[in-house]
Amino acid sequence: MGREVDLELSTSTDTTPKVVSTGPTPGGSAPRTPKLKVPAPISIPSPYIVSAPASQAQTPRTRAARTPGWSRNMTPRFLTPLGSPIRKALNFVKLDPQDAWLPITESRNGNAYYAAFHTLCSGIGFQALVLPVAFTVLGWTWGIILLTLTFTWQLYTLYLMVQLHEDFDKEIRYSRYMQLANAAFGEKLSKVLALFPIGYLSMGTCMALIIIGGSSTKRFYEIVCNPMTCSSSQLSTTEWYLVFTSAAVLLSQLPNLNSIAGISLIGAITAVGYCTMIWISSVAEGRIHGVSYNPELTGSEMQKILDILNAVGIIAFAFRGHNLVLEIQATMPSSEKHPSRVPMWKGVRVSYTIILMCLFPLAIGGYWTYGQLIPPNGGILTALFVFHGQDTAKGLLGLINFIVVINGISTFQIYAMPMFDDMESTYTTRSKKPCPWWLRVLLRSLFGYFCFFVAVALPFLGSFAGLIGGISLPVTLAYPCFMWLIIKKPKIYSPVWWLNWVLGVVGMCLSVLLIAAGVYVVIHTGVEASFFKPQ
């Protein structure tokens with residue numbers, strides 16, 4: 001008589017199969033084929049693993065199964081692994097403890113809504129107010145053409161960066177722009193190419209926001225204040241800068257990028273609000289008397305070329321925020337089945353649709369209203385006060401300035417966050433522990449008041465805007481194309497290969513021309529160095 005042999009796995013930690021003997025099968029039939037039951041995965045405790053809920057747990061095919069003899073390399077500094085076998089089984093996002101100590105990657109619960117808020121807040125700014133000035137040099141046709149091409153160009157490079165954020169083959173998330181630059185260009189070359197432009201885009205924007213926000217705060221006070229009831233002693237411009245800076249520093253104590261999502265929502269709403277209110281108010285007042293739309297290029301041939309380059313630079317600089325894209329995407333959870341690029345691109349599409357609906361009417365409506373008479377320095381906002389200050393309702397003018405102030409305080413937070421992250425990473429790298437709350441408060445306060453000091457001490461830095469802007473232009477229009485070529489390695493001579501090479505080279509050439517034009521302006525026109533005399 002045959003005996004049936006069953007394999008039964010113990011439920012204890014000992015996984016050695018046990019043989020259980022049973023009696024003959026009824027009727028003397030042939031024994032059943034034994035079945036092997038696969039044991040459930042063994043839980044591996046780790047102090048850095050944050051597992052997902054059971055309903056969301058995934059067990060995809062591991063890389064070790066695909067490549068025999070493969071072992072995981074050590075994780076580079078600040079880079080979050082994506083595809084380790086444990087991560088795939090448990091779907092966790094925090095393995096490197098230092099990521100959980102820094103403001104950008106401290107929280108990974110972002111979503112498409114948060115991405116839209118942050119992108120919209122960082123994508124619309126005071127640069128958009130001077131877009132009609134570019135039309136005074138380029139005219140209707142070339143102004144609209146270049147504005148459309150630049151918008152499409154920077155949206156394409158933004159798409160490239162969203163796709164480059166995570167590399168599942170190398171098990172890496174590039175959570176900061178400099179990390180991606182290091183991976184593409186090498187550590188030494190990336191510092192030469194990208195370190196200064198990224199620092200300027202963060203710190204320089206914060207200083208500009210202090211100047212604009214402080215001036216708008218002063219103007220708002222003057223509009224709404226009744227001379228009969230308000231104090232006769234007016235604050236100076238420097239003191240208004242200090243008021244604005246103090247409000248921004250107080251709000252900057254929120255711990256991480258996800259915690260300011262509500263602030264970014266307020267910044268996005270106010271940005272859309274003041275852009276819409278300004279161009280609608282200008283168009284509603286009608287074209288001013290004596291308006292002309294004929295481009296006026298005067299002076300020598302060199303001066304005409306410089307004016308054209310300056311107009312192109314104005315359009316290019318209106319689209320900002322690419323230095324924050326990877327940081328925003330880093331706040332989202334990511335797995336091989338649910339990559340972060342999907343919700344991130346959804347948020348980007350929504351936000352840039354709104355940006356498109358704000359910038360084009362602002363540029364076209366402002367130029368239609370003021371034409372060649374628009375002030376070259378202040379743009380459409382200054383033109384509204386100069387030409388329609390007496391005709392427009394006082395309450396509306398006060399509301400516009402108040403919204404500009406709120407937007408400046410909100411935008412300050414997202415542009416300062418990479419600087420906060422960099423300062424705290426220096427501490428965590430050396431001390432091997434999180435930054436204490438009192439040191440975090442001190443560092444952020446020092447950064448805010450340092451920006452205030454520079455804005456007051458060197459108010460003439462705006463004269464170097466063209467020069468520094470030319471240096472930072474490749475961050476938006478050129479570097480993403482070269483990064484895609486180096487990291488993704490598309491087929492040589494394919495359409496994608498040609499497209500990225502052409503856009504990258506043209507972007508670098510445009511940057512060189514703008515830098516040369518900025519140097520020429522500084523040398524031949526001079527700079528009025530009025531230290532500690534803000535206007």
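The values are calculated or read from the model by the stated rules, or taken from the named source; none is laboratory data. Since the structure is predicted, the reported quantities are computational estimates derived from the model, not experimental observations. Every residue, glycine among them, receives a Cβ derived from its backbone with ideal geometry; neighbour counts consider all protein chains shown. With ligands, DNA and RNA removed, areas are computed over all heavy atoms of the protein, side chains included. Shrake-Rupley method; radii C 1.70, N 1.55, O 1.52, S 1.80 Å.
Treating only the Cα positions of the stretch 299-441 as identical point scatterers, give the base-10 log of I(q)/I(0) from the Debye formula at each q in 0.09 Å⁻¹. Results for the stretch 299-441 at q = 0.09 Å⁻¹ read -0.51. The listed peptides 119-131, 145-157, 236-248, 473-485, ordered by packing as a protection proxy, come out as 119-131, 473-485, 236-248, 145-157 (highest mean of other Cβ atoms within 10 Å first).
Using the Cβ-Cβ distance between residue 192 and residue 501 with R0 = 22 Å, the FRET efficiency computed as 1/(1 + (r/R0)^6) comes to roughly 0.55. For the stretch 91-525, with all protein chains in place and a probe radius of 1.4 Å, 69% of the accessible heavy-atom surface sits on carbon or sulfur.
For the stretch 91-525, averaging the sequence separation of C-alpha pairs within contact (under 8 Å, six or more residues apart) and dividing by the residue count gives a relative contact order of 35 percent. 3J(HN,Hα) along the stretch 106-114: 5, 10, 10, 10, x, 8, 5, 5, 4 Hz, from the Karplus curve 6.51 cos²θ - 1.76 cosθ + 1.60 with θ = phi - 60°, whole Hz, x for Gly and Pro.
Listed values for the stretch 405-419 are Karplus-derived 3J(HN,Hα) couplings in whole Hz (6.51 cos²θ - 1.76 cosθ + 1.60, θ = phi - 60°), namely 5, 4, 5, x, 5, 5, 5, 3, 5, 6, 7, 7, 4, x, 5, and x replaces Gly and Pro.
Calculate, in whole percent, how much of the Cα-Cα pair population of the stretch 288-330 lies beyond 17 Å. When all Cα pairs of the stretch 288-330 are counted, 59 percent exceed 17 Å.
Extension gain for residue 170-residue 293 works out to 38.8 nm (0.36 nm per residue, less the C-alpha to C-alpha distance).
Solvent-accessible area of residue 195, all protein chains in place: 90 Å² (probe radius 1.4 Å, heavy atoms, ligands and nucleic acids excluded). Once the Cα-Cα distance is subtracted from the 0.36 nm per residue extended length, the residue 234 to residue 377 segment shows a gain of 48.9 nm. With protein chains left intact and a 1.4 Å probe, residues in the stretch 91-525 average 42 Å² of accessible area per residue.
Remark: the stretch 254-262, residue by residue, has Karplus-estimated 3J(HN,Hα) of 4, x, 9, 5, 5, 5, 9, 4, x Hz, where x stands for each Gly or Pro and the curve is 6.51 cos²θ - 1.76 cosθ + 1.60 at θ = phi - 60°. In this simple spin-label approximation, residue 426 and residue 300 carry label points 7 Å from Cα along the Cα→Cβ vector, and these lie 4.4 nm apart.
Shape index of the stretch 102-218: Rg/Rh, with Rg the Cα radius of gyration and Rh the Kirkwood radius from the inverse mean 1/r over Cα pairs, equals 1.02. Would you check the accessible area of residue 391, probe 1.4 Å, heavy atoms only, in square angstrom rounded to 10? Counting only protein heavy atoms, residue 391 exposes about 100 Å² to solvent. Peptides 318-328, 371-381, 294-304 ranked from most to least packed by the mean count of surrounding Cβ atoms within 10 Å: 318-328, 371-381, 294-304. Computed over the stretch 91-525, the percent of Cα pairs more than 26 Å apart is 57. For the residue pairs 170/489; 433/488; 191/491; 191/337, alpha carbon separations beyond 24 Å are given by 433/488; 191/491; 191/337.
For residue 489, the solvent-accessible surface computed with a 1.4 Å probe is close to 140 Å², ligands and nucleic acids excluded.
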